[in-house]
């Protein structure tokens with residue numbers, strides 16, 4: 001299986017013509033990279049996971065019904081916030097992912113592209129791949145994103161919703177904390193990784 005970390009916005013010359021990325025993939029980015037990522041990849045769907053006070057409007061390039069906005073804080077315990085991730089948020093995330101036809105990329109972002117968005121992308125990939133894939137996907141996540149630190153509460157809620165019996169939780173714990181960075185780069189997760 002091909003394993004590499006794709007940091008899209010490195011300091012290097014880029015062609016003037018914008019390439020057409022139609023490969024089915026999930027992209028994970030920070031809030032600051034959303035506009036660049038939309039321009040580069042032209043996603044059809046987008047998921048935003050931000051604290052309520054920082055929630056953004058739908059970008060003009062994305063249809064409103066194709067933008068899922070989840071107002072959640074990046075916390076690991078329910079008691080630690082007025083807006084923690086909840087079962088309702090995870091149900092909406094999974095339903096939204098199942099409604100994506102994957103004919104164009106999906107962009108998932110949070111504030112830094114490290115925790116909430118990585119947990120959401122991991123959830124979507126596990127749902128698409130089906131039971132038994134949890135460890136492989138977690139290892140791929142680490143191989144492609146050395147900075148990834150998926151939010152453990154989101155992962156635990158998704159594990160319960162997808163009835164994975166703790167396998168998602170164990171798989172994410174197994175890849176460790178990752179590199180400490182202030183903000184992650186844009187990372188590609190092609191659905192071809194799932195064999196689909």
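The values are calculated or read from the model by the stated rules, or taken from the named source; none is laboratory data. What you see is a predicted model, and the numbers here were worked out from it, not measured in a lab. Cβ coordinates were reconstructed from backbone atoms using ideal geometry, including for glycine residues, and neighbour counts include every protein chain displayed.
Within region 98-107, the residues that satisfy the criterion of being surrounded by fewer than 24 Cβ atoms within 10 Å (Cβ to Cβ) and farther than 13 Å from residue 127 by Cβ are 101, 103, 104. Could you list all residues from region 143-157 that are within 13 Å of the chain's Cα centre (by Cα) and assigned to a helix (DSSP H, G or I)? Hits for region 143-157 are 144, 154, 155. Is it fair to say residue 85 is surrounded by fewer than 19 Cβ atoms within 10 Å (Cβ to Cβ), within 20 Å of residue 175 (Cβ to Cβ) and either at pLDDT 95 or above or in contact with a helix residue (DSSP H, G or I) (Cβ under 9 Å, 6 or more places away or on another chain) (or both)? No; evaluated as a whole, the condition is false for this residue. Any residue at all in region 182-196 that's surrounded by fewer than 17 Cβ atoms within 10 Å (Cβ to Cβ) and farther than 27 Å from residue 39 by Cα? Looking for residues that are surrounded by fewer than 17 Cβ atoms within 10 Å (Cβ to Cβ) and farther than 27 Å from residue 39 by Cα, one finds at least one in region 182-196, hence yes. Restricting attention to region 116-151 and to residues that are within 20 Å of residue 83 (Cβ to Cβ), touching a residue at least 60 places away in the same chain (Cβ under 8 Å) and in contact with a helix residue (DSSP H, G or I) (Cβ under 7 Å, 6 or more places away or on another chain), the residue that is surrounded by the most Cβ atoms within 10 Å (Cβ to Cβ) turns out to be 120. Taking first residues from region 54-74 that are at negative phi and without any contact (Cβ under 8 Å) to a residue 12 or more places away in the chain and partners that are in a loop (DSSP other than H, G, I, E, B) and surrounded by 12 or more Cβ atoms within 10 Å (Cβ to Cβ), the Cβ contacts under 7 Å between residues at least 6 apart in sequence or on separate chains come to 64/58. Would a scan of region 163-172 turn up a residue that is touching a helix residue (DSSP H, G or I) at 6+ places or on another chain (Cβ under 6 Å), farther than 17 Å from residue 131 by Cβ and at pLDDT 95 or above? The answer is no; no qualifying residue exists. For region 158-177, filtering for residues that are more than 23 Å from residue 111 (Cβ to Cβ) and not in a helix (DSSP H, G or I) leaves 5.
Residue-by-condition table, conditions (1) within 15 Å of the chain's Cα centre (by Cα); (2) in a loop (DSSP other than H, G, I, E, B); (3) on the phi > 0 side of the Ramachandran plot:
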| site | (1), (2), (3) |
| --- | --- |
| 93 | yes, no, no |
| 103 | no, yes, no |
| 107 | yes, no, no |
| 114 | yes, yes, no |
| 123 | yes, no, no |
| 126 | yes, no, no |
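For (1) at pLDDT below 95; (2) touching a helix residue (DSSP H, G or I) at 6+ places or on another chain (Cβ under 6 Å); (3) more than 22 Å from residue 32 (Cα to Cα); (4) surrounded by fewer than 17 Cβ atoms within 10 Å (Cβ to Cβ), each residue gets a yes or a no:
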residue: 50; (1), (2), (3), (4): no, no, no, no
residue: 58; (1), (2), (3), (4): no, yes, no, yes
residue: 61; (1), (2), (3), (4): no, yes, no, yes
residue: 70; (1), (2), (3), (4): no, yes, no, no
residue: 89; (1), (2), (3), (4): no, no, yes, no
residue: 96; (1), (2), (3), (4): no, no, yes, no
residue: 109; (1), (2), (3), (4): no, yes, no, no
residue: 112; (1), (2), (3), (4): no, no, no, no
